[in-house]
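*Asks:* Have a look at this one before I ask anything.
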Amino acid sequence: MASGIKSLINSAKALYIGNSGSKAELPDLFPVVDKEIDGEDCDHDCSNCVVQYPKSFKIDETDALYGFVKGWSTHVLVATGKSDWVRDVADEKGSIMQAISHAKAPSNGRLMVSASNIPTPHRTTSYSEPTTVLVLPAFAVVENVTPATVPTLVSIINDSPTNTSPLEPISIPPSMTAHLPEPTPAMLKDITTRPSPHRALILLCSQKTRDARCGQSAPLLRKEFQRHLAPLGLYRDLDDERPGGVGIYFISHVGGHKYSANVMIYRRPDAFGLDEVELGKLTEEERQRVVPIKPQEGEDDLGAAQCIWLARVKPEDCEGIVKFTVLQGKVVKPQSQLRGGFDRGRGLMSW
């Protein structure tokens, strides 16, 4: 009887989030680094990190992490130009986050809403001007969004792929006109969309109003990630729109503060052409010549294939995360750091 009830609950949950995939066990969701394939140093922590957490930085190191994140279907990052917010970002007065909380929910499953430090078009932290929203897993940038046009934003989300959608070309109209009452100026009605130029995103919780450790860890991790991405030509600062790189954004509360730092990594399919490269089987000279490929002009836009959600991330982990997780979609420390995520290419998720 109990198992039957559990099955019904799981079925209802799957229907709610648009589940077209399968729940994966810990070893199956993402490839794990292997010394034979990836080299003897695949699980070594960085030995020359330039930053460290404060001595007072203490987290829970004992809880099991995998499989306990709440499933989500789509994720939006709202450009606010800030790295900290009121405790619940839905209470940021006049913001897109507040407007989304009052709007009709998307029809394609649970929406995760994050405020972010993505710069606003007007380069202020005021909510009185239109701003930009990044929709994931579509990797779609939506521009000129205001609280009044949030219903149009929700319609774009409804037409976007979810975390469990098959990897298929994305077709989002490049422009839409919001249905606003006259005499609203046309410039406030027109919403435009475009693909994000990034091949991968690293999202760091920075909300110190929820937990001081997030405010401490995010800037330090960004500095260390930048140090390892820059020599590869992949680091992109907040205003860098060159295609093919990695964006690093601060975002609001995602849960699990006691496991700080939380790091969410969204990757396009075979983001840098290295997913199948077996570094451990190459000579040192051959390894030095392995470089991430640039995106090919005219390739289909499929959005994110993976989101890899890690926790307990320390500065010394950043080198391995860049080398294997960002570049190859692998996990270095699954037992102690993997909270969950999805792989659309294989139809797997952690919930």
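The values are calculated or read from the model by the stated rules, or taken from the named source; none is laboratory data. Keep in mind the model is a prediction, meaning the values are calculated, not measured. Quick reminder, even Gly has a Cβ in these numbers, built from the backbone with ideal geometry, and neighbours come from all protein chains shown. Areas reflect the complete protein model, heavy atoms only, side chains present, ligands, DNA and RNA absent. Shrake-Rupley method; radii C 1.70, N 1.55, O 1.52, S 1.80 Å.
*Asks:* Please find, within segment 53-78, the residue that is most open to solvent (accessible area, probe 1.4 Å) out of those that are aromatic (Phe, Trp, Tyr) and over 14 Å from the mean Cα position of the chain (by Cα). Let's see the steps before the verdict.
*Replies:* Keep residues of segment 53-78 that are aromatic (Phe, Trp, Tyr), which gives 53, 57, 66, 68, 72.
Then keep just the ones that are over 14 Å from the mean Cα position of the chain (by Cα); that gives 53, 57, 66, 68.
Details: Tyr53: 41, Phe57: 26, Tyr66: 40, Phe68: 152 Å².
Per the criteria, the residue is Phe68.
*Asks:* Here's a check for you: in segment 244-264, which residue that is open to solvent by 10 Å² or more (accessible area, probe 1.4 Å) and of a type in the set (Ser, Thr, Tyr) is nearest to Lys58 (Cα to Cα)?
*Replies:* In this case the residue turns out to be Tyr259.
*Asks:* Out of the residues in segment 1-51 that are in contact with a Leu (Cβ under 9 Å, 6 or more places away or on another chain), within 21 Å of Asp343 (Cα to Cα) and assigned to a loop (DSSP other than H, G, I, E, B), which is modelled with the lowest pLDDT?
*Replies:* Here the residue is Gly21.
*Asks:* Moving to a separate point now. Would you please list the contacts, defined by Cβ atoms under 6 Å and residues six or more apart or on different chains, that run from a residue in segment 302-316 that is under 13 Å from Glu61 (Cβ atoms) and open to solvent by less than 10 Å² (accessible area, probe 1.4 Å) to a residue that is modelled with pLDDT of 95 or more and among the charged types (D, E, K, R)?
*Replies:* Hits for this filter: Ala311/Arg339.
*Asks:* More than 16 Å from the chain's Cα centre (by Cα) and open to solvent by 10 Å² or more (accessible area, probe 1.4 Å), is that true of Arg268?
*Replies:* Values: more than 16 Å from the chain's Cα centre (by Cα): no; open to solvent by 10 Å² or more (accessible area, probe 1.4 Å): yes.
It is false that Arg268 is more than 16 Å from the chain's Cα centre (by Cα) and open to solvent by 10 Å² or more (accessible area, probe 1.4 Å).
*Asks:* Mind telling me which of the residues Gly255, Gly298, Gly273, Gly244 ends up being part of a loop (DSSP other than H, G, I, E, B), farther than 25 Å from Asn117 by Cβ, at pLDDT below 95 and under 20 Å from the mean Cα position of the chain (by Cα)? Walk me through it before giving the result.
*Replies:* Working: Gly255 fails: farther than 25 Å from Asn117 by Cβ; Gly298 fails: under 20 Å from the mean Cα position of the chain (by Cα); Gly244 fails: farther than 25 Å from Asn117 by Cβ.
Exactly one of Gly255, Gly298, Gly273, Gly244 is part of a loop (DSSP other than H, G, I, E, B), farther than 25 Å from Asn117 by Cβ, at pLDDT below 95 and under 20 Å from the mean Cα position of the chain (by Cα), namely Gly273.
*Asks:* Mind checking which pairs have a first residue in segment 134-152 that is within 14 Å of Ala103 (Cβ to Cβ) and a second that is basic (Lys, Arg), Cβ under 6 Å, 6 or more apart or different chains?
*Replies:* Correct list of pairs: empty, since none qualify.
*Asks:* Another one. I'm checking my understanding of the structure. Among residues of segment 113-133 that are free of Cβ contacts under 8 Å to residues at least 60 places away in the same chain, in contact with a Gly (Cβ under 6 Å, 6 or more places away or on another chain) and over 19 Å from Pro185 (Cα atoms), which one is surrounded by the fewest Cβ atoms within 10 Å (Cβ to Cβ)?
*Replies:* Restricting to residues being free of Cβ contacts under 8 Å to residues at least 60 places away in the same chain, in contact with a Gly (Cβ under 6 Å, 6 or more places away or on another chain) and over 19 Å from Pro185 (Cα atoms), the top hit is Thr125.
*Asks:* I've got another one for you. Among the residues of segment 226-241, what is the count of those that are open to solvent by 60 Å² or more (accessible area, probe 1.4 Å), of a type outside the set (A, V, I, L, M, F, W, C) and more than 17 Å from the chain's Cα centre (by Cα)? Can you show your working first?
*Replies:* Filtering segment 226-241 down to residues open to solvent by 60 Å² or more (accessible area, probe 1.4 Å) leaves 226-227, 231-232, 237, 239, 241.
Checking which are of a type outside the set (A, V, I, L, M, F, W, C) leaves us with 226-227, 231, 237, 239, 241.
Checking which are more than 17 Å from the chain's Cα centre (by Cα) leaves us with 227, 231, 239, 241.
Looking only at that region, the number is 4.
*Asks:* Next up: I want to confirm something. Restricting to segment 149-208 and keeping residues that are assigned to a helix (DSSP H, G or I), hydrophobic (A, V, I, L, M, F, W, C) and open to solvent by 30 Å² or more (accessible area, probe 1.4 Å), which single residue is farthest from Leu234 (Cα to Cα)?
*Replies:* At the first step, the residues of segment 149-208 found to be assigned to a helix (DSSP H, G or I) are 149-158, 186-189.
Subset that is hydrophobic (A, V, I, L, M, F, W, C): 150, 153-154, 156-157, 186-188.
Subset that is open to solvent by 30 Å² or more (accessible area, probe 1.4 Å): 186-188.
On the way: Ala186: 38, Met187: 35, Leu188: 35 Å.
Out of the qualifying residues, it is Ala186.
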